[in-house]
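K.L.:
Mind having a look at this structure? Questions to follow.
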Amino acid sequence: MNKARETRTVILWGLFLVLAPLFFYPYSQKWQLPVSWITVLIFEVVFYFVVWFFSNPGNWGRSLTNTFLSLIFRFSEAILFGLLLWVMFSLKPGLSLKQGFAYFLPAVVLHVLTAPFLLKSVLKPIRVIHRVQPEFTKDRLIEVDKIVAEKSDVVFHKEKGSDLSESYLEEILGSLTNYPGVNASLLVDQEGLVIAKNCKNNFDWESWAPLPLILELSTGQVLSRIREKNIERMDIFSNSYWISIHKIYSFSVITVSDKSTDEILNVRIQKVCERMKKYLNERYHLENLKVQEEKYVSNTIRA
């Protein structure tokens, strides 16, 4: 329900509550309040504040503001009720207004008790929804650059006596780069640092290495909304390139090829990923890889 419709609903209910006590007015002498208008006013203020304070715990400013607005609303009802008495029963203007404000029991009780609850739909706090930006702002890109630039501690614990053979990994990536239309293939870690690369024609690999990190940061919140955590594969087609990103644990294989490259390239990428995965299984503790991957993805989504 939008704000305008809620406001119209409140006004209609308010008019109904102004008219309802008129059915009891012929018995006015019987339904007079035995207290002064000051007592009624004090009760109103306390009652309104208690209702709004429990609706907004700890928010004194909003509670006081809503109390004041409830008083204004109730006084408006009292004035309208007094004017109706003046028109319908030919009472003096001053007496008819006093009946609405503090003396006529059905009107005072009905208006006082319903005012804050009637206004709740209009005076409820506005819920702010933070939407995911469709693209990075300048500040966000600077933040990503800082993450990439910082060299943190080694994430994975290597087995004793083993080392990551860059030349062997480059040989695996070479089976991709040798495919017609492929310009470069990179293996990067979760911080955007290059582990191995195989490129053609002075390819600017440093500009492409942070791409998986940037995409994970930009899509993390979107994935969390649909209760997904991990991206296993992503294909991007730009005006000039076909960019394919495949996740292997917390590493990413980036393949940059011409847009016109045939789809059979996918078969070779899958074979390369299988060789990479086998190699990592031989060189690392698999459980360490899984734990570090889950920890990293969780931190990325929260960011």
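K.L.:
Under 5 Å between amide hydrogens, which residues at least 5 positions from Gln32 or on another chain qualify, with H placed 1.01 Å from N in the peptide plane?
P.N.:
Placed amide hydrogens put Leu105 under 5 Å from Gln32.
K.L.:
Let me ask something else. Please state the charge dipole magnitude for the stretch 3-123, taken about the Cα centre, from unit charges on C-beta atoms (+1 on K and R, -1 on D and E), reported in debye and rounded to the nearest 20.
P.N.:
160
K.L.:
Which order, highest average first, do 204-214, 97-107 follow once you tally other Cβ atoms within 10 Å for each residue and take the mean per peptide? Before the final figure, lay out the partial values.
P.N.:
Details: 204-214: 17.5, 97-107: 21.5.
Put in order of decreasing packing, that is 97-107, 204-214.
K.L.:
Could you tell me which of Ser207, Ser244, Ile226 has its Cα farthest along the dipole of the stretch 198-269 towards the positive end, charges placed at Cβ (Lys, Arg +1; Asp, Glu -1), taken about the Cα centre?
P.N.:
Ile226
K.L.:
Between their Cα atoms, which of Lys124/Lys229; Lys229/Lys277; Lys229/Lys278; Lys200/Lys278; Lys229/Lys271; Lys200/Lys229 are more than 32 Å away from each other? It would help to have the intermediate numbers written out before the result.
P.N.:
Details: Lys124/Lys229 34 Å; Lys229/Lys277 20 Å; Lys229/Lys278 24 Å; Lys200/Lys278 26 Å; Lys229/Lys271 25 Å; Lys200/Lys229 34 Å.
Pairs exceeding 32 Å: Lys124/Lys229; Lys200/Lys229.
K.L.:
State log₁₀ I(q)/I(0) for the stretch 3-123 at q = 0.17, 0.18 Å⁻¹ as given by the Debye formula over alpha-carbon point scatterers of equal weight, solvent excluded.
P.N.:
Log10 of I(q)/I(0), two decimals: -0.83, -0.92.
K.L.:
Within the stretch 211-271, which GluC sites (Glu not before Pro) sit in a loop by DSSP and count at most 16 neighbouring Cβ atoms inside 10 Å?
P.N.:
Glu228, Glu232, Glu263
K.L.:
Let me ask something else. Full-extension gain between Ser90 and Ser36, please, as 0.36 nm times their residue separation minus the C-alpha to C-alpha distance.
P.N.:
Length gained, Ser90 through Ser36: 17.0 nm.
Any read-out appearing in this document is the output of simple, stated calculations on the displayed coordinates, not a laboratory observation. What you are looking at is a predicted structure, and each value in this text was computed from that prediction instead of being measured. Neighbour counts run over all protein chains shown; Cβ positions are idealised from the backbone, glycine included.
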